[in-house]
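Nothing in this text is a laboratory measurement; each read-out follows from the coordinates by a stated rule. Just so you know, these numbers come straight off a predicted model, no measurement behind them. FYI the Cβ positions are ideal-geometry reconstructions off the backbone, even for glycines, and counts take in every protein chain you see.
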Amino acid sequence: MADQALTSIPPVGSPKAAAKEKPGPLEYMRQWPLRVIVGLTLLFLYLPLITLMVFSFNTSRRNIVWQGFTTDWYVKAFNNDSLLQAFINSLMIAFFCTVISVILGALAAVMLWRFRFPGKTVVEGSMALPIVVPEICLGVAMLVFFARVMPWPMGLPWPLNLGAITIAHVSFAFPFVATVVRARLSSFNRELEEAAKDLGASEWRTFWDVLVPHMQPGLIAGALLAFTLSLDDFVITFFTAGPDTITFPVKVYSMLRFSVTPEVNAASTVLIVVTVILTAVGLQMQNNTPKEKKA
């Protein structure tokens with residue numbers, strides 16, 4: 001009997017013994033009340049988007065009444081030349097904004113992280129202004145800037161006609177990139193740079209082969225943030241867009257002023273899907289970055 005009792009007790013470290021252990025105070029996801037709270041929170045956040053995507057397949061023009069399933073609204077949205085042009089404009093602006101913001105943000109982050117110079121506090125505060133200032137103020141400021149200080153030429157070929165919106169988007173997107181990259185640089189070991197220089201590497205090779213790989217997760221995160229901010233921006237774009245430079249959010253807003261039709265839902269669903277796919281690709285790239293080896 002004693003032998004049977006001993007054999008029935010699971011050994012320490014076995015899956016059965018681990019399952020019987022009570023979760024610790026910081027093991028949140030092992031506590032079912034917190035799982036329920038997290039699930040309800042996610043449902044509350046994403047239920048409006050799910051509803052929008054579901055009603056994009058509604059046969060009725062009124063979103064409040066479900067009458068049947070159809071994909072005609074997607075066909076109509078893809079056959080809308082002005083809507084497609086606005087969508088292409090948004091993607092092109094977001095692409096250029098991301099590239100320029102990542103370069104400027106990375107250089108600004110390295111400058112503020114590495115160097116000490118007079119007025120550094122003022123520079124840091126000025127870079128934080130686009131993050132904290134309301135978008136309506138930035139939109140009015142951009143309107144005055146492009147109307148009086150640096151008027152953007154009209155009638156330029158595509159995509160040069162998108163230059164004013166791209167500049168406006170870069171002005172508020174690159175501080176986000178600089179903040180993310182600088183937070184990543186705070187964990188960098190400067191002895192790696194010294195070791196690379198002792199081995200004969202130049203300043204450029206040290207920057208490109210030692211510092212940039214460490215910055216890579218921050219660069220990817222900043223690029224995703226800049227792309228999303230540019231693609232979804234409405235207020236600043238509304239003040240800086242001209243009659244021939246309509247973006248997707250501005251076009252959807254003009255369609256919503258008349259009525260909320262399933263065509264708008266279909267176009268919004270396409271934008272959501274594109275954003276999710278690009279975010280997934282960026283996160284996968286971030287997960288595939290080489291891990292730092294511990295000494």
So what's the net charge close to residue 206: Lys and Arg +1, Asp and Glu -1, counting the other residues with Cβ under 10 Å from its Cβ? -2
Per the 1/(1 + (r/R0)^6) rule, R0 = 35 Å and r from the Cβ atoms of residue 46 and residue 244, FRET efficiency to 0.05 is 0.45
What's the FRET efficiency of residue 198 with residue 60 using the Cβ-Cβ distance as r and R₀ = 45 Å, to the nearest 0.05? 0.05
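Based on the mean of other beta carbon atoms within 10 Å per residue, what is the order of 232-240, 183-191, most packed first? It would help to have the intermediate numbers written out before the result.
Numbers: 232-240: 20.2, 183-191: 12.9.
The densest-packed peptide leads the list: 232-240, 183-191.
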Cβ-Cβ cut-off under 15 Å around residue 241, Lys and Arg +1, Asp and Glu -1: the net charge is -3
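Net charge near residue 141, counting Lys/Arg +1 and Asp/Glu -1 over other residues with Cβ under 14 Å of its Cβ? Present the calculation step by step, with values, prior to reporting the outcome.
Working: positive: 148; negative: 135.
Net charge in that neighbourhood comes out at 0.
Between the DSSP loop rule and a limit of at most 16 other Cβ atoms within 10 Å, which chymotrypsin sites (Phe, Trp or Tyr not before Pro) in segment 62-118 are left? Let's see the in-between values first.
Numbers: sites: 66, 69, 73, 74, 78, 87, 95, 96, 113, 115; in loops: 66, 115.
Those that pass, being in a loop and sparsely packed, are 66, 115.
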